[in-house]
1. Going by the structure shown, is VAL125 β-branched (Val, Ile, Thr) and either modelled with pLDDT under 95 or in contact with a helix residue (DSSP H, G or I) (Cβ under 7 Å, 6 or more places away or on another chain) (or both)?
2. Taking only pairs six or more apart or across chains, which ones have beta-carbon atoms under 6 Å, a first residue in segment 172-201 that is over 14 Å from LEU78 (Cα atoms) and modelled with pLDDT of 95 or more, and a second residue that is in a strand (DSSP E or B) and small (Gly, Ala, Ser)?
3. Being under 19 Å from LEU168 (Cβ atoms), open to solvent by less than 10 Å² (accessible area, probe 1.4 Å) and outside any loop (DSSP other than H, G, I, E, B) is the filter here, so list the residues in segment 195-221 that pass it.
4. Residues to consider are PRO142, PRO161; find the one that is surrounded by fewer than 24 Cβ atoms within 10 Å (Cβ to Cβ) and within 28 Å of ARG25 (Cβ to Cβ).
5. Take the residues of segment 103-116 that are free of Cβ contacts under 8 Å to residues at least 60 places away in the same chain and open to solvent by less than 80 Å² (accessible area, probe 1.4 Å): which is farthest from LEU167 (Cα to Cα)?
6. Can you work out which of the residues in segment 36-63 that are open to solvent by less than 20 Å² (accessible area, probe 1.4 Å) and acidic (Asp, Glu) is modelled with the lowest pLDDT?
7. Kindly evaluate ASP33 against the criterion of being open to solvent by less than 40 Å² (accessible area, probe 1.4 Å) and either at pLDDT below 95 or at negative phi (or both).
8. Go through segment 119-166 and give me each residue that's among the aromatic types (Phe, Trp, Tyr) and either free of Cβ contacts under 8 Å to residues at least 12 places away in the same chain or outside any strand (DSSP E or B) (or both).
Amino acid sequence: MFRKLFFETKEYEKKNVKLILGDSREIIREFPDSCFDAIITDPPYGVEFDGYDRRGAEEVFFELEEEFFRVLKKSGWLVFWWPTKKLPDVAKLKLFQYRWMLIAEMKGSVGKCAVGDRHYSPLLVFSKGNAKVRSRCSDILPARELPQIEGLRIKQRDFKPTYTQSLLISMFAGKNGKILDPFAGFGSLLLASLLTGMGEVVGIEKDEERFDVARRILEEETISASIPELLEAKSRDRSVLLFREER
């Protein structure tokens, strides 16, 4: 009984966002052709960031290229966060046209690199057909949070800054554009869309703990505790449920 209660919800929908629990390789095949204006995502990199981003995990992103191409409209965008040290890997994309690289500029150092401190994260911009941006912007974007959650203790490096995410929505989809995030993680793109009212975003996340945390964030429209704390609380809840089930 408790297992059923814990896992019964596979989708969560609120206003202009929808979060789906499952594997993108399976779910994306259910979408019709040419139904999204943009794919904006933070895919796995295979850099051993944590157990979720294990070595070789990035191959899922490249495996899905044909499906990405199919579900995008004829002038659609593929925009994704990507690590600098793996830039050569994007040459594996064969169907899309490379258009540009954006820079998400951090306030301070966010890590080390081959030449010293790292102060930015790249965002790569590819297109299907002759896509046009919905709104023009600088190619250097401030990496910060939207006012509604600015100053909160998020403490999760792969929760991408919501203000930056909102700029991506505005540039590549516009107010009413339809967006797919096939690697939704903790839902930063969906939260940016929800808080600004821009775009209609469908997110897919295969990890149940990340899905549950993302759902809670979307329900509350804020981050009530740091994401590591939310994960720890979710893990404790699951242990209690499984213990009760065994009894």
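1. Spelling it out, it is not the case that VAL125 is β-branched (Val, Ile, Thr) and either modelled with pLDDT under 95 or in contact with a helix residue (DSSP H, G or I) (Cβ under 7 Å, 6 or more places away or on another chain) (or both).
2. Listed by first residue and then by second, the contacts come to ALA184/GLY203; LEU190/GLY203.
3. VAL201, GLY203, ILE204, GLU205, ALA214, ILE217, LEU218
4. Answer to the selection: PRO161.
5. Across segment 103-116, the extreme among qualifying residues is GLY116.
6. Taking the candidates together, the pick is ASP53.
7. No; evaluated as a whole, the condition is false for this residue.
8. PHE159, TYR163
The values are calculated or read from the model by the stated rules, or taken from the named source; none is laboratory data. Because the structure is a prediction, the values reported are computed rather than measured. Note: ideal-geometry Cβ built from the backbone for every residue, glycine included; neighbour counts use all protein chains shown. Just the protein is used for accessible areas: all its heavy atoms, side chains included, with ligands, DNA and RNA removed. Shrake-Rupley method; radii C 1.70, N 1.55, O 1.52, S 1.80 Å.
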